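Colleague: Here it is, the structure, as C-alpha cells.
The values are calculated or read from the model by the stated rules, or taken from the named source; none is laboratory data. Here the structure is a predicted model, which means the values were calculated and not measured. As a convention, Cβ positions derive from the backbone with ideal geometry for all residues, glycine included, and neighbour counts pool all protein chains shown.
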Amino acid sequence: MLIPYLSTVYYALVSRQANKDYLSAMTTLHYLGLPEIIGERIMYQINVNGDERIDHDEFVDFFVQAAMGSKL
C-alpha cells in the first residue's frame, strides 16, 4: 500500500514542474519545508547517486525505508 501511494505523491510533485520527468534537488528541498541544514542532510540521503535530481526509485526507496525502517 505504501509504494503505490509514494509513487502517486512523486508523480504529483513532478507534474507541478514544467517539462521535467524528475524532481530537482532544490525543489524537493523546498517541498520538505525543513530547516536548511536538516533538509540538506535528508536530500543527501535521498539523492543516492548524487546527480542533483530525485528519480522515482530514489524517492520511493528513501520514504519506504524511512517509514518501515528497512527496504522491502
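Colleague: Anything in region 45-63 that is of a type in the set (A, V, I, L, M) and either part of a loop (DSSP other than H, G, I, E, B) or over 24 Å from K20 (Cα atoms) (or both)? List them, or say none. Give the steps one after another, and end with the answer.
Modeller: Kept after step one, since they are of a type in the set (A, V, I, L, M), are these residues of region 45-63: 46, 48, 54, 60.
Passing the criteria: only V48.
Colleague: Looking at A66, A12, A18, which is the one that is loosely packed, with under 10 Cβ neighbours inside 10 Å, small (G, A, S) and not in a loop (DSSP other than H, G, I, E, B)?
Modeller: A12 is the lone residue from the list that is loosely packed, with under 10 Cβ neighbours inside 10 Å, small (G, A, S) and not in a loop (DSSP other than H, G, I, E, B).
Colleague: While we're here: I42 is checked against (1) surrounded by 11 or more Cβ atoms within 10 Å (Cβ to Cβ); (2) in a loop (DSSP other than H, G, I, E, B) and fails just one. What number does that condition carry?
Modeller: (2)
Colleague: Has region 56-63 got any residue that is at pLDDT 90 or above and loosely packed, with under 15 Cβ neighbours inside 10 Å?
Modeller: For region 56-63, residues at pLDDT 90 or above and loosely packed, with under 15 Cβ neighbours inside 10 Å: present.
Colleague: Still on this model: Output the residues belonging to region 21-39 that are assigned to a loop (DSSP other than H, G, I, E, B) and either more than 17 Å from T8 (Cα to Cα) or of a type in the set (A, V, I, L, M, F, W, C) (or both).
Modeller: Across region 21-39, the qualifying residues are G33, L34, P35.
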